[in-house]
Every structure is written in C-alpha cells, then in structure tokens.
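Below: the structure, in structure tokens.
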Amino acid sequence: MWKNKFHISPPFGLLNDPNGLIFWNNEYHIFYQWNPNACEHASKHWAHLKSKNLVDWESLPIALSPNDWFDKNGCYSGSAIEKDNKLYLFYTGNVKNNNVRESYQCLAISTNGVDFEKKGPVIHDKDIPKEYTKHFRDPKVFIKDGVYKMVLGAQRVDLTGTIVVFSSHNLIDWSFEQEIINGNFGFMCECPDFIEDKKNKALILSPQGIKADGDLFNNRYQSGYIIRDLYDIEKNDFIELDRGFEFYAPQTFKDENNKNILIGWIGMPEELEHPSIEKENWVHSLTIPRVLEIKKNKIFQKPHNNLKKLRKEKIIIESIYLENTIDLSRYNISGDTYELIIHLNDFSEDIEIDLRKNGNERTTFSFDSIKKRASLNRNFSGYGYKGIRKCYLKDLKKIHIFVDKCSVEIFLNDGEEVFTGNIYPNKDSLGIEIRSKMLFTIPKIEFYKF
C-alpha cells in the first residue's frame with residue numbers, strides 16, 4: 001500500500017544515505033546504504049542502480065558488502081569520482097573490535113560500472129589526527145584547483161562536530177590538510193559536500209546536536225549549507241536545506257548538463273517507527289533529484305527537468321474561482337501518485353491545501369500571509385509520525401508538489417523553500433482540497449498523473 005512508485009525505495013529492508021552519485025559513461029549511477037537483512041541500522045551494503053534519464057532505473061548487483069577486515073561492521077557512506085575512465089568509490093569502513101570503533105576510508109574501483117574491486121583503506125584508522133575521535137567518516141571526493149579533495153565528517157576529542165579536508169594528486173595517497181569548520185555544530189558533522197557554480201560556492205553538511213530555535217532545527221538532526229568557499233572557516237551561517245520532517249544526508253553530483261544535482265534521504269537516524277516496516281518489510285526512500293542554483297545568498301532547489309518523463313495524464317484548468325473551499329475531484333484531480341502545480345502569481349491571501357484527503361484524514365500545506373509562514377501539517381496524515389513544520393516565507397507565488405504512495409515533496413516559489421516528509425495514509429485517501437477564508441481566483445492549476 002505504501003511502496004513508492006517513482007521515489008527510489010529498497011525492495012525490502014532498510015535504505016538510508018544516498019552514496020556514490022555520478023553521471024559516468026552516459027549513465028547515472030546511484031548507490032545507497034542498504035541493510036538487506038532487516039529494517040534496522042546494521043550490516044550496511046551499497047545497493048546500486050543505474051539510469052539513462054534519472055527516471056527509469058535498472059537494479060544492478062550489490063556493489064559493496066561488509067566482508068573484509070576493514071569494513072566488517074558496515075560499508076558506510078561515501079562518494080564516486082571518475083579517473084582514467086574508471087569509476088572510483090570512496091567509502092568509510094566501519095570496524096568494531098571488542099566494542100572499540102575503528103574507522104577506515106576505503107577505495108573500490110570498477111572498469112565496467114558493475115563489478116568493483118576493493119583496494120582497501122587509503123586513510124587508515126591510525127592516520128586519523130589525534131585531535132579527533134574515531135567518528136570520522138563519509139568521504140566526499142572532488143577536484144578543486146586541479147587537486148583532489150576529500151571532505152570528511154569528524155568529531156573533535158571534546159565531542160564537538162566539524163569537517164576536515166584531505167588532499168591527493170592520484171586518489172591513492174592522501175594527506176591531511178586542515179579543519180574547515182569554526183563554530184557550534186553539535187556533537188558530530190556527517191555527510192559533508194561542496195558545490196560551486198560560476199559565481200557562488202556552498203559547503204553542505206549534516207550536523208547532529210544543533211538545538212531547536214523557533215521554527216528552525218526542529219528535526220532530530222539537520223541537513224543544510226553555508227554559502228562560502230571551502231576554506232572560509234569564519235563563515236558559519238547555517239541554513240537548512242529542507243523545512244520538512246525527514247530529509248538527511250544529501251549528496252550532490254553533476255548531471256549531463258553540468259548542473260549541480262542533489263538527492264537526499266527521506267528518513268532520519270534513530271527513527272524507525274514506520275508502519276511500512278511491520279506491514280511491508282521495508283523502510284525509507286530517496287528524494288527526487290533536485291537541480292541546485294545558488295542565488296541571493298541561498299540555495300534554490302527545483303525538480304529535475306527529466307522528471308517530466310513521469311507524466312502520463314495532463315489536466316490543466318485556469319481561472320479557478322475559490323470561495324471558501326474547492327474540491328479538485330470535480331476536475332478529476334485526485335490520486336496517490338502525481339505532480340501538482342498551483343500558480344498564484346501576485347497572491348497575498350491565506351491558503352490551505354489538503355493532500356491525500358478522505359474524511360478527517362489529510363496532509364495539509366498552508367500559508368499565513370500575515371505571519372509570513374509556510375507550514376506542513378501531518379497530524380492527521382494517517383499512520384506514522386506526526387507534527388508540524390514551519391518556515392518564514394515573504395510571499396507565495398507558486399506551489400509545486402510531488403506526492404507518492406508514502407512521501408510528499410513541496411517546492412515553493414521555484415525552490416526558494418522545500419518541505420519533505422513521509423506520510424502513511426489509507427489507500428482510499430486520494431482527495432485534494434483547497435481552502436481560503438478570502439475570495440480570490442487561482443490563475444492556473446496543472447495536474448499530472450503518474
């Protein structure tokens with residue numbers, strides 16, 4: 001009932017971080033953390049998919065399994081890069097001997113994109129500088145100024161989170177450079193990343209232990225970014241990437257048009273009370289691919305244009321007069337897997353949109369034009385976790401929604417803000433309803449069944 005149709009989900013077991021995202025030899029490759037044995041955080045493998053268009057995915061054999069001394073307790077997260085037409089995977093080998101953690105940054109290489117030969121650690125546990133604990137993981141490798149860089153999540157010995165950089169000229173021999181975070185980022189920083197476009201740069205990270213601050217930082221852990229160059233260590237203004245409930249461990253890569261693309265995990269560490277586990281023996285999904293653009297000192301996120309290939313049936317209505325409530329089923333607009341775009345233009349009123357509605361069951365997006373707040377409410381979404389998430393939004397001009405069997409992603413004003421979350425409604429909850437206390441006309445609604 002809840003297995004997603006167009007979001008990447010595991011066939012069974014647990015999925016978490018996206019890994020090794022890359023466009024290589026004219027194909028997209030996605031790896032993800034997978035426990036094929038149970039819906040719990042253990043025995044992490046790297047599952048592997050490929051695609052020519054980011055829409056139609058082919059499952060490939062497991063790329064990495066925890067069966068060597070340097071990764072026996074899990075092939076943890078990492079990244080991919082191409083060199084000499086070979087695919088290089090870097091990942092953290094998690095090892096526990098007598099409950100003592102060891103951490104190895106490991107390499108595996110493939111010539112055909114299917115079979116991977118493990119080369120073992122390129123940064124050994126003993127190579128971790130003495131200033132840091134063994135919570136040292138998630139290598140993201142990229143080229144900057146002609147040199148290979150590896151950013152790693154780390155924890156200082158005073159149990160505070162940070163990010164460090166190693167460098168290499170050949171992807172084999174790595175040297176510690178420096179720490180690049182100077183600020184309060186909780187007790188651990190995971191899954192670091194770095195992007196740049198023609199004018200701007202951003203450091204992406206997933207810190208653990210940041211305290212909630214009003215509408216901000218209300219999830220167990222956060223994922224966000226700092227607009228800065230890699231070594232601008234004094235710049236620490238952290239902005240959440242997603243304002244919803246479950247969004248963590250995002251990773252970026254370049255697509256065929258050299259644009260920065262992001263995919264994240266629709267999940268949260270240490271939260272496993274999901275009904276799909278008991279009913280269907282699987283849990284968690286990945287987000288749709290998002291195109292990133294840095295502007296106005298902010299990362300904007302838009303659904304990748306290739307997702308239009310999912311569209312099977314189109315309904316477009318214009319100049320919709322809204323008087324209190326409108327049930328979109330009168331236009332044959334309803335369902336459990338779809339794309340919905342609501343164009344508001346110079347809108348200045350309050351609005352509420354119920355998704356997956358049936359009776360009192362609903363997931364509600366709303367905008368308060370006085371308080372300048374957008375919010376997502378899943379207190380009545382059915383099964384699973386509850387709650388409300390909010391963020392500041394000066395105005396609302398466009399709402400772009402992707403609904404799948406158990407997930408929702410909402411893009412506001414062409415990606416100025418995004419809300420993501422898991423929902424577990426009953427199968428008959430298919431309605432879409434728009435409400436407002438004011439009378440106004442919605443210029444245009446686009447609806448695409450998948």
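Per-structure values
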| quantity | calculated |
| --- | --- |
| Sole exception among (1) touching a strand residue (DSSP E or B) at 6+ places or on another chain (Cβ under 6 Å); (2) more than 18 Å from Q155 (Cα to Cα) for N257, by number | (1) |
| Single residue of L393, L355, L439, L376 found to be within 17 Å of G244 (Cα to Cα) and either more than 23 Å from the chain's Cα centre (by Cα) or surrounded by fewer than 22 Cβ atoms within 10 Å (Cβ to Cβ) (or both) | L393 |
| Criterion violated by S381 - all others in (1) open to solvent by 10 Å² or more (accessible area, probe 1.4 Å); (2) free of Cβ contacts under 8 Å to residues at least 60 places away in the same chain; (3) in contact with a Pro (Cβ under 9 Å, 6 or more places away or on another chain); (4) within 25 Å of P289 (Cα to Cα) satisfied | (1) |
| Strands (runs of 3 or more DSSP E) contained entirely in region 37-104, each with at least 2 residues that are aromatic (F, W, Y) and surrounded by 14 or more Cβ atoms within 10 Å (Cβ to Cβ) | 86-97 |
| Subset tally (residues that are under 27 Å from the mean Cα position of the chain (by Cα), hydrophobic (A, V, I, L, M, F, W, C) and crowded, with 18+ Cβ neighbours inside 10 Å) for region 105-122 | 4 |
| Those residues of region 388-427 which are over 16 Å from E361 (Cβ atoms) and part of a loop (DSSP other than H, G, I, E, B), in sequence order | L393, K394, D395, L396, K397, D404, N413, D414, G415, E416 |
| Count of region 1-27 residues which are within 17 Å of F90 (Cα to Cα) and over 13 Å from the mean Cα position of the chain (by Cα) | 4 |
| Within region 123-138, considering residues that are basic (K, R) and in a strand (DSSP E or B), the one most open to solvent (accessible area, probe 1.4 Å) | K134 |
| Pairs, first touching a residue at least 40 places away in the same chain (Cβ under 8 Å) in region 361-374, second part of a strand (DSSP E or B) and hydroxyl-bearing (S, T, Y), C-beta under 9 Å, six or more apart | F365/S375; R373/S366; R373/Y392; A374/S366; A374/Y392 |
| Any hit, region 195-214, residues being in contact with a Gly (Cβ under 6 Å, 6 or more places away or on another chain) and without any contact (Cβ under 8 Å) to a residue 40 or more places away in the chain | yes |
| Qualifying residue in region 53-65 (condition: in contact with a helix residue (DSSP H, G or I) (Cβ under 7 Å, 6 or more places away or on another chain) and among the aliphatic types (A, V, I, L, M)) | yes |
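The values are calculated or read from the model by the stated rules, or taken from the named source; none is laboratory data. Everything numeric in this text was worked out from a predicted model, so none of it was measured. Counting neighbours? That spans all protein chains shown, and the Cβs are built from the backbone with ideal geometry, glycine included. Ligands, DNA and RNA are stripped out before the accessible areas are found, and what is left, the full protein with its side chains, is counted by its heavy atoms. Shrake-Rupley method; radii C 1.70, N 1.55, O 1.52, S 1.80 Å.
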